[in-house]
1. Please report, in whole Å, how far the alpha carbons of the chain spread along each principal axis, starting with the longest.
2. Residue 47 to residue 14: extension gain in nm, 0.36 nm per residue of separation minus the Cα-Cα distance?
3. Can you run phi through the Karplus equation (6.51, -1.76, 1.60; θ = phi - 60°) for the range 32-47 and list ³J(HN,Hα) in whole Hz, with x for Gly and Pro?
4. Under the 0.36 nm per residue contour assumption, what length would be gained going from the current alpha-carbon distance of residue 27 and residue 4 to full extension?
5. How far, in degrees from 0 to 90, does helix 3-25 lean away from the longest principal axis of the Cα atoms of the chain, to the nearest 10?
6. So which of 8/41; 6/30; 6/52; 17/45; 8/46 end up more than 18 Å apart, counting from Cα to Cα?
7. Which of 51, 40, 9 sits closest to the plus end of the dipole of the chain, meaning its Cα is farthest towards the positive end, when Lys and Arg get +1 and Asp and Glu get -1 on the C-beta?
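Just so it is clear, none of the values below were taken in a lab; they were calculated from the coordinates. On a predicted model such as this, the values are computed, not experimentally measured, just so you know. All Cβ positions, glycine included, derive from the backbone under ideal geometry; neighbour counts span all protein chains shown.
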Amino acid sequence: MGFADKAKHSAEEAAGKIKEATGKASDDEKLEAEGQADQSKANLKKAGDNVKDAFGK
């Protein structure tokens, strides 16, 4: 997997954490949930990258 993809997925996770924290701070449950969902998506993508790396593709 390319470095650019890994960096992109890490950035997506960081953006999700920021969104979640903003939602918590402003008592916006919808924004908080969106942040958590964004983090989950990024983590799944990172897991996929790790699988691809393990098999050398």
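1. 44, 15, 9
2. Gain on extension, residue 47 to residue 14, equals 10.3 nm.
3. Taking θ as phi minus 60°, the curve returns 4, 5, 4, x, 5, 5, 4, 5, 5, 4, 5, 5, 5, 5, 5, 5 Hz for the range 32-47.
4. My answer for the length gained is 4.9 nm.
5. The two axes meet at around 10 degrees.
6. Beyond 18 Å: 6/30.
7. About the Cα centre, the residue reaching furthest to the positive side is 51.
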